[in-house]
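Scroll down for the structure; my scribbles are underneath it.
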Amino acid sequence: MGDLISIIVPCYNEEESLRLFHTAVKETEKKMPDCRFEILLINDGSKDRTVEVMRELAAEDPEVSYYSFSRNFGKEAAMFAGFCNARGDYAAVMDADLQDPPDLLPEMYQILKSGEYDSVAARRVNREGEPPIRSWFARRFYSLINRISEADIVDGARDFRLMKREMVDAILAMGESNRFSKGIFGWIGFRTYWMPYKNVERVAGETKWNFWSLLGYAIDGIVNFSHVPLDIASWFGILMTALSFLAIIFIVVRKLLFGDPVAGWASTACIITFIGGIQLLCLGIIGKYLATVYQEVKKRPHFIISETSREDAKKIG
Ligand code: UDP
Ligand code: MG
């Protein structure tokens, strides 16, 4: 029967794009005669008619199954639910807004078939249609995280990639609660081919990201894949201690030689607030890691499915 490819689609308020997406994927499937698709639609607690569209699609097309979360758990959880329920020899994660062009799938599949690679990932070569300030911050983020973490995270990489079963199993074995997929994909290794393509804008609906949510996403990525901020906090502490030693010697010597002219409260106040600020910052960094540890220790499930078209679905995971 050929290879089964699982297409995992996280959806949050995608009522307008979902049908267009389905049609496009079906077109692609026709171009791949030696494969079958299964399309897993994950409804991440949408507030519009997304789940109704999913029900219709699942009724019309036996290759479609849907999984509806009990609330919004985030795209990472939706991807994880998809991986948990994927049965394919290969799996791909795709956005519902057609920003991940299905046309790339046949070529990705050919590359995997040739046996040299374990996954093929799409990589945007331009960021057209994106606010320039956002692109600038995104580039800074990628150059920073690659310097301070061991996971190899490529600039312009999307979550869109086709991968072999072995890689899916490795991803499932990563049980952490804070799932930063770009880091997870990088951390598990395997041979990845980066396929460049031109950025495509959304077909319908609008993006769920704003500047602050992206900043939070970037901080999560760093905290989950690097301990360098903790080292920086310690080095700052050491530096400050050394400086204050020098200052103490200076003050004592001055007192012995010249007496104690009372002056300079302004500079003292500045120094105190400055050091106080640095201490709070370092405490904040430590707190952030501690919160992450707390979340991991609780071992809460990543997702809860309240409605699905499949009887044997993994509903909590
Ligand atoms: N998404 C999701 N849960 C969320 C936010 C987004 O499942 O809480 C899905 C969304 O429906 C889309 C994909 O993740 O299929 C990417 O979202 P979006 O297009 O907003 O991100 P962008 O392409 O702008 O990075
Ligand atoms: Mg998008």
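The values are calculated or read from the model by the stated rules, or taken from the named source; none is laboratory data. Not measured: the values here are computed from a predicted model. Positions of Cβ are generated from backbone atoms using ideal geometry, with glycine treated the same way; all protein chains shown enter the neighbour counts. Protein only, heavy atoms only, side chains kept; ligands, DNA and RNA dropped before computing areas. Shrake-Rupley method; radii C 1.70, N 1.55, O 1.52, S 1.80 Å.
Taken over the range 75-108, the criterion of being open to solvent by 20 Å² or more (accessible area, probe 1.4 Å), assigned to a loop (DSSP other than H, G, I, E, B) and within 16 Å of ligand 2 (Cβ to nearest atom) is satisfied by Asp95, Leu98, Gln99, Pro101. Of the numbered criteria (1) surrounded by 16 or more Cβ atoms within 10 Å (Cβ to Cβ); (2) farther than 21 Å from Phe83 by Cα, the one Lys164 fails is (2). Residue-level analysis places Ala247 among those that are outside any strand (DSSP E or B) and modelled with pLDDT of 85 or more.
Restricting Gly205, Gly183, Gly216 to those that are buried (at least 16 other Cβ atoms within 10 Å of the Cβ), within 14 Å of ligand 1 (Cβ to nearest atom) and not aromatic (Phe, Trp, Tyr) reduces the list to Gly205. Ile304 falls short on exactly one of the conditions (1) more than 30 Å from Val53 (Cβ to Cβ); (2) under 21 Å from the mean Cα position of the chain (by Cα); (3) surrounded by 10 or more Cβ atoms within 10 Å (Cβ to Cβ), and that condition is (1).
Just so you know, in the range 8-35 the residues that are near ligand 1 (Cβ under 9 Å from one of its atoms) and part of a loop (DSSP other than H, G, I, E, B) include one that is nearest to Lys75 (Cα to Cα), and it is Tyr12.
Of all residues in the range 264-276, exactly one satisfies the criterion of being open to solvent by less than 50 Å² (accessible area, probe 1.4 Å) and at pLDDT 85 or above, namely Gly276.
Here is a yes/no grid of residues against (1) within 17 Å of the chain's Cα centre (by Cα); (2) part of a helix (DSSP H, G or I); (3) among the small types (Gly, Ala, Ser); (4) within 16 Å of ligand 2 (Cβ to nearest atom):
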| residue | (1), (2), (3), (4) |
| --- | --- |
| Ile153 | yes, no, no, no |
| Glu176 | yes, no, no, no |
| Glu206 | no, no, no, yes |
| Leu214 | yes, yes, no, yes |
| Ile232 | no, yes, no, no |
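Among the residues of the range 139-154, is any touching a residue at least 12 places away in the same chain (Cβ under 8 Å) and touching a strand residue (DSSP E or B) at 6+ places or on another chain (Cβ under 7 Å)? Checking the range 139-154: at least one residue is touching a residue at least 12 places away in the same chain (Cβ under 8 Å) and touching a strand residue (DSSP E or B) at 6+ places or on another chain (Cβ under 7 Å). Just one of the numbered conditions (1) touching a residue at least 60 places away in the same chain (Cβ under 8 Å); (2) under 21 Å from the mean Cα position of the chain (by Cα) is not true of Tyr117: (2).
If you scan the range 109-144, which residues turn out to be part of a loop (DSSP other than H, G, I, E, B) and more than 21 Å from Thr207 (Cβ to Cβ)? Matches in the range 109-144: Ser114, Gly115, Glu116, Tyr117, Asp118. Close Cβ contacts (under 8 Å, 6 or more residues apart or on different chains) running from residues in the range 281-296 that are more than 17 Å from Ser177 (Cβ to Cβ) to residues that are in a helix (DSSP H, G or I) and open to solvent by 40 Å² or more (accessible area, probe 1.4 Å) comprise Cys282/Phe236; Ile285/Leu230; Ile285/Ile232; Ile286/Leu230. Does Lys47 satisfy the condition of being within 12 Å of ligand 1 (Cβ to nearest atom), open to solvent by 30 Å² or more (accessible area, probe 1.4 Å) and over 21 Å from the mean Cα position of the chain (by Cα)? Taking the combined requirement at face value, the residue satisfies it.
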